[in-house]
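The values are calculated or read from the model by the stated rules, or taken from the named source; none is laboratory data. In this text the structure is predicted, and so the values were computed from the model without any measurement. So basically every Cβ, Gly included, is an ideal-geometry build from the backbone, and we count neighbours across all protein chains shown. Please note that ligands, DNA and RNA were not included when accessible areas were found on the heavy atoms of the full protein model with its side chains. Shrake-Rupley method; radii C 1.70, N 1.55, O 1.52, S 1.80 Å.
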Amino acid sequence: MKILFLNGPNLNLLGTREPEIYGRTTLADIEATVRAEATKAGAAIDFRQSNVEGELVTWIQQSKGAFDVIVINAAAYTHTSVALRDAISATGVPTIEIHLSNVHAREEFRHKSLMAPVCKGQICGFGQESYLLGLQAALSLKPN
Ligand code: CA2
């Protein structure tokens, strides 16, 4: 199984700013943990981050035929991006939405996810563990 992990804007800052909200683990640390678990499960992962909405859209479009599942932490674009939602919907690759923080326990503007209706499901609030739970959810989906 091939799984594409996508990370949105500012997640490259993980571990360096606002540790009280996002912890001290870097995105590279998370990638290493997820990669090790995926390897044990016999899955191949690609792990990418971009601050550019259009780049994330392009990666989602290109995932068709190349990946079985997308796991995405779209960060702030979760709450604003019709383009990401349309790309997920148009591409049709099963997608799992993840977040480090519990977005529903934070500011009201974070309660709404534009992509949630076109995703298989949402995992949030477990810190870096959300990525491993996202991996487990991806593994539980049968490849098309
Ligand atoms: O909890 C999550 O994973 C979020 O997707 C993180 C986004 C936020 O906009 C979403 O509402 C919830 C923010 C990512 C920014 O990451 C930073 C990391 C370190 C320092 C500053 C920002």
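Considering the stretch 14-31 alone, what residues qualify as being in a helix (DSSP H, G or I) and at pLDDT 95 or above?
Here is the first cut: in the stretch 14-31, the ones in a helix (DSSP H, G or I) are 19-22, 27-31.
Listed by number, the residues that qualify are L27, A28, D29, I30, E31.
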Matching residues in the stretch 62-98 - criterion: being farther than 17 Å from Q122 by Cβ, polar (S, T, N, Q) and within 15 Å of the chain's Cα centre (by Cα):
S63
Please go through (1) within 11 Å of the ligand (Cβ to nearest atom); (2) not in a helix (DSSP H, G or I) for F67 and return the number of the only condition it doesn't satisfy.
(1)
Take E107 and tell me if it is within 15 Å of the ligand (Cβ to nearest atom) and either in contact (Cβ under 8 Å) with a residue 60 or more places away in the chain or within 14 Å of the chain's Cα centre (by Cα) (or both).
no
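Among the listed residues T25, T39, T78, T16, identify the single one that is loosely packed, with under 14 Cβ neighbours inside 10 Å, of a type in the set (V, I, T) and within 13 Å of the ligand (Cβ to nearest atom).
Values: T25 fails: loosely packed, with under 14 Cβ neighbours inside 10 Å; T39 fails: within 13 Å of the ligand (Cβ to nearest atom); T78 fails: loosely packed, with under 14 Cβ neighbours inside 10 Å.
Within the list T25, T39, T78, T16, the selection yields T16.
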Only one of (1) open to solvent by less than 30 Å² (accessible area, probe 1.4 Å); (2) out of contact with any helix residue (DSSP H, G or I) (no Cβ under 7 Å at 6 or more places or on another chain); (3) modelled with pLDDT of 95 or more does not apply to Y131, and that is (2)
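Looking only at residues that are among the small types (G, A, S) and within 12 Å of the ligand (Cβ to nearest atom) in the stretch 81-103, which one is surrounded by the fewest Cβ atoms within 10 Å (Cβ to Cβ)?
Only one residue fits best here, namely S101.
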